[in-house]
Amino acid sequence: MLFFRSEEEVHEWCTAQGSPIRPLVTIDQLWNLATTWYSTRLQEDSRRPRPDEMREIFAGVGLEGDFWDPTLDTFG
Amino acid sequence: MERDIQIKLAVYRHFAENGHPPSPGEVADRAGSDVESVLDAYGRLRAERVLVLEADGASIRMAPPFSGIPTEHVVEAGGIEYFANCAWDALGVPAALHEPGTVRSRCGQSGAPLHLHVDRQGPEPSDWLFHSLLPAAKWWDNIVFT
């Protein structure tokens, strides 16, 4: 899980890795995910989202599809 | 289990206050427990995916978003330097702390430096992007690689 300065640099990196390009996430989307995952982490009642909750969280910030489905084990 | 919660909180609060992982003895002292109970709890917390341990079962590699070892993702907040496990966790550190901070990282391709200020409402405007090689279903197959 890396930062990239531009979409072109993501493409260059994926080509060098021999990997398909994956969905791109903006900094604002990433902040939404980070706060959802971690804003209660130092509190007594914190817990990780369940897989079904994760799907909803991803969809809520515009990240949908098999790539973001934690219950799928067939995605290559 | 109530004791596991107290041990988890002791680990995370030590990271938050110091920027580095606690020893089992430090966790035991903070949680009002003993080292044997701490190590037992570590195994259960690993299964819950809130800790990642080194092979010795006692050293903490990850207490997401905090990293127990130096990484390329550094967050400065409140005069303390933290290491994050990945780009996602780099934003997770100020989110967990509820403190403003500065994320220092780099472009995965060019190595260009990233300096991103994050306040309590979120990061400053930025055109940088996040990319995960692995799909969500594979992240915990090998979380260190992810």
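The values are calculated or read from the model by the stated rules, or taken from the named source; none is laboratory data. Just so it is clear, the model here is predicted, and its values are computed rather than measured. Glycine gets a Cβ as well: all are built from the backbone with ideal geometry, and neighbour counts include every protein chain shown. When the accessible area is computed, the model is the full protein with side chains, heavy atoms only, and any ligands, DNA or RNA have been set aside. Shrake-Rupley method; radii C 1.70, N 1.55, O 1.52, S 1.80 Å.
Tabulated data
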quantity: Every residue from region A:7-51 that is more than 7 Å from chain B (Cβ to nearest Cβ), within 15 Å of B:Phe130 (Cβ to Cβ) and in a loop (DSSP other than H, G, I, E, B); calculated: A:Ile21, A:Pro23
quantity: Options B:Leu97, B:Leu91; residue that is hydrophobic (A, V, I, L, M, F, W, C) and in contact with a strand residue (DSSP E or B) (Cβ under 6 Å, 6 or more places away or on another chain); calculated: B:Leu97
quantity: Region B:111-137: number of residues that are facing chain A (nearest Cβ under 9 Å) and either touching a residue at least 12 places away in the same chain (Cβ under 8 Å) or open to solvent by less than 60 Å² (accessible area, probe 1.4 Å) (or both); calculated: 17
quantity: Filter result (small (Gly, Ala, Ser) and either within 14 Å of chain A (Cβ to nearest Cβ) or within 15 Å of B:Leu116 (Cβ to Cβ) (or both)) within region B:50-96; calculated: B:Ala63, B:Ser67, B:Ala77, B:Gly78, B:Ala84, B:Ala87, B:Ala90, B:Gly92, B:Ala95, B:Ala96
quantity: All positions within region A:22-53 that are at pLDDT below 90, open to solvent by less than 40 Å² (accessible area, probe 1.4 Å) and out of contact with any Phe, Trp or Tyr (no Cβ under 8 Å at 6 or more places or on another chain); calculated: A:Ser46
